[in-house]
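What follows is one structure encoded as structure tokens, with my remarks underneath.
The values are calculated or read from the model by the stated rules, or taken from the named source; none is laboratory data. Here the structure is a predicted model, which is why all the values come from computation and not from measurement. Counting neighbours? That spans all protein chains shown, and the Cβs are built from the backbone with ideal geometry, glycine included. In case anyone asks, the SASA skips ligands and DNA or RNA and just uses the protein heavy atoms, side chains included. Shrake-Rupley method; radii C 1.70, N 1.55, O 1.52, S 1.80 Å.
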Amino acid sequence: MTTPLQFSLQVPETALEQVRSCRFSDPVNVEELELRDSPYWHTLLQCRHLGIHRPNGRICNWTARLLTTDKRYVQRCLGPALETGRGRALAFAEAVELAFRWFNSPEASSIGHTARPTGKTSRVCFTPIGSVYTVGHALRDYTEWTKIARSPGGHYNNLVLINYHLVSDFAPIPLESFSARHLAQLARQVLETPPRFGFMARQSAVSMHDLTPDELRRRKRTFNSLVSILRMAFRHAWDNGHIDHERPWRCLRRIPVNHSPRTVFLNRIECSRLLEACTPALRKLVLAGLYTGCRVGELGNLRVEDVGHQVYGVRINAFKRSPARFVFLPDEGMAFFLSCCEGKEPRDHVFRSDMGKVWKKQHTNLFRRAVSKAGLPSSFVFHGLRHTYASDLVRSGVPLDIVAKQLGHANTMAVSNTYGHLVEHFREAQIRTHFTPLDQEQTAEAGRRRNQLNRMWRSFQGQDWRDYGELEMNSSVPRKSYAQTHKAVLSVFDGLESG
């Protein structure tokens, strides 16, 4: 029988489950680790890790690291993990004790990010009490259904929004009593609540009158997402007989919002810099993203048998809520995929990581380092390759419905909202070259001014196409909207628009 691990007060109870699940607790697993320059890590708490550093046959050390407040990792060697003639090997329990002793030291505490138990949000943080069916009951029941019916990512995003914006103030409200008055309260709360990213703590409220047009646009989109969640949850409660009238979900209407176009994508020179900064396996994954516009999950699932299957391109199997589709390729893209498939079996994955693993989420840090090394904006993530692909097609004059089909969208609305501003570059060239001559005198005048017109044309064409013809969006209200927002909610936004 294995003796239970005993720890001092240095090790918090919130970390014990992660400590007991650590594979490094067995020396056999440590001995079987392959030699490599970077340590193997196990998460004890968010921002706190224990690792094994085994770069060669003579060195095998326990290592600890913590995330600092400025998003850097600081590491410390704790001592030998195996008997290699370099001192007594530390037992697993000793290494854990030393790691937390360092985490809790004044030196580390002064620079370290706040540690929290590891693990994602898994449920609505609301405990139903009593027989009255509340908003919290409806959200809990609805998310139990989405856990089965929706993709894991979509379900998790719903939970994060619900716990951050809805649970504290709206979960205790009896569902039968929910009205537009509560919706107006939610609108004010969303406008005054700063967004939360990653490990950020909840920030204090800000005045809604101090929001920039872009901040207002983002808060409106958050509000609309919450309205969609509430509407689905209330409809689910209505369908299951928990409420006797439709008012709670009929009052839930979205607010009109002007979508912000995408501008964070790369030109071909920046693509080359990014590719040069990638590891060999990541370079192939990035190239695949640039040739297809596929999501990283779609590329990670791609198998050899999907390449050149029935069409001059690749078959993308159903992913998230998107159906299966074909993505057609240019010649160089087809040649690239065929070269990646050489020597592999039909069911083999086309792309694997540098460690030979199927790509899942391990690309994130590698891609972030490559972006930094290439001198690109830190906000550029792997999904930006999808935007780069789409923007290049739109700018080159490919019809929006073809771009939408390549990306797997059901219609052109998302493509038009996201990339429609790039059509200006192509529209300009089409008008200049395809207009039928109208007046002989002005045609002759254009001939006399040919050099001037060509210089003007080149001066505009030479600008960065991402900023070409850019119009400042001073308003978050679209020109036309079919949203029938309740007056109580519209009143919250009165006076906030600057245009």
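Quick notes on this structure:
- Distant-in-sequence amide contacts of residue 412, defined by a placed amide H-H separation under 5 Å and a gap of 5 or more residues or a different chain, comprise nothing.
- Per-residue 3J(HN,Hα) values for region 323-329, derived from phi via the Karplus relation 6.51 cos²θ - 1.76 cosθ + 1.60 with θ = phi - 60°, read x, 5, 7, 9, 10, 7, 10 Hz in sequence order (x marks Gly and Pro).
- Positive-end ranking of 61, 98, 175 along the dipole of region 59-183, with charges on Cβ about the Cα centre, is headed by 61.
- Tensor-based shape of region 56-197 (alpha-carbon gyration tensor, a/c under 1.5 rounded, otherwise prolate or oblate): prolate
- Extension gain for residue 167-residue 101 works out to 20.1 nm (0.36 nm per residue, less the C-alpha to C-alpha distance).
- Computed over the chain: relative contact order in percent, which uses C-alpha pairs under 8 Å that are six or more apart: 12 percent
- The portion of the accessible surface of the chain made up by carbon and sulfur, rounded to a whole percent, is 52 (1.4 Å probe; DNA, RNA and ligands excluded).
- Table column - 3J(HN,Hα) (Hz), region 330-340, Karplus curve with 6.51, -1.76, 1.60, x for Gly and Pro: x, 4, 5, x, 5, 4, 4, 5, 5, 5, 6
- Put a dot 7 Å past the Cα of residue 111, heading toward its Cβ, do the same for residue 413, and the two dots end up 5.1 nm apart.
- Residue 113 long-range amide H proximity, modeled H, under 5 Å: 67, 68, 69
- Shape class of the chain from the Cα gyration tensor (axes a ≥ b ≥ c, square roots of the eigenvalues): oblate, since a/c reaches 1.5 or more and a/b does not exceed b/c.
- An oblate overall shape is assigned to region 4-79, the ratio a/c of its alpha-carbon gyration tensor axes (a ≥ b ≥ c) being 1.5 or greater and a/b not exceeding b/c.
- Look at where the Cα atoms of region 208-271 and of region 84-130 average out, and the two centres are 36 Å apart.
- Filter on 284/344; 220/361; 284/360; 344/373; 284/405; 147/361 - keep pairs with C-alpha separation over 25 Å: 220/361; 344/373
- Solvent-accessible surface (1.4 angstrom probe) belonging to residue 304, in square angstrom, nearest 10: 20 Å²
- The simple Förster model, with R0 at 25 Å and r as the Cβ-Cβ distance, assigns residue 332 and residue 358 a FRET efficiency of 0.50.
- Evaluating 6.51 cos²θ - 1.76 cosθ + 1.60 at θ = phi - 60° for every residue in region 86-91, the Karplus couplings come out as 10, x, 5, 6, 7, 5 Hz, glycine and proline recorded as x.
- Chain lengthening between residue 144 and residue 239 when straightened (0.36 nm per residue, less Cα-Cα): 32.7 nm
- Between region 317-360 and region 147-172, the alpha-carbon center distance in angstrom: 33 Å
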